[in-house]
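What follows is a single structure, written as structure tokens, with notes after it.
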Amino acid sequence: MDSHRLSSHEMAAYYFEVLEVIAEPERIFGGNAGELIAVKEHSPGKYFVVIYREVNEGDGSVITAFLTKRIKQIERRRMLWQKE
């Protein structure tokens, strides 16, 4: 399996990791409808992806989060920010 979407129960188990990906991503890509896609390597060759929307600097909501090896599909999007 190349991708694994997290159920709400599983996402609760990854709660702090989801927040970390948003707070300290390696890269952020733009979504089609204004959402942001934060990416951070979880383990070698496996990435944690969090898709979220910001309302303002201190508020927003997570749309979905998943683990994937298929990072090339996300890298086709417009990169907005990359960690130096």
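The values are calculated or read from the model by the stated rules, or taken from the named source; none is laboratory data. This one's a predicted model, so the numbers in the text were calculated from it and none came from an experiment. Cβ placement follows ideal geometry from the backbone for every residue including glycine, while neighbour counts extend to all protein chains displayed.
Odds and ends about this structure:
- Evaluation of Gly30 against (1) at pLDDT below 95; (2) closer than 15 Å to Thr64 by Cα; (3) not hydroxyl-bearing (Ser, Thr, Tyr) (one fails), failing number: (1)
- Enumeration of residues in segment 4-44 that are touching a Lys or Arg at 6+ places or on another chain (Cβ under 6 Å) and either exposed (fewer than 15 other Cβ atoms within 10 Å of the Cβ) or under 15 Å from Gln73 (Cα atoms) (or both): Glu26, Phe29, Gly30, Val39
- Residues being among the acidic types (Asp, Glu) and either part of a helix (DSSP H, G or I) or at pLDDT 95 or above (or both) are represented in segment 71-79 by at least one member.
- Every condition in (1) at pLDDT below 90; (2) part of a loop (DSSP other than H, G, I, E, B) is met by His9 except one, and the failing one is (2).
- Residue in segment 57-65 that is more than 22 Å from Ser8 (Cβ to Cβ), of a type outside the set (S, T, N, Q), out of contact with any helix residue (DSSP H, G or I) (no Cβ under 7 Å at 6 or more places or on another chain) and surrounded by 13 or more Cβ atoms within 10 Å (Cβ to Cβ) present: no
- Of all residues in segment 33-43, those satisfying the criterion of being under 12 Å from Lys69 (Cα atoms) and at pLDDT below 95 are His42, Ser43.
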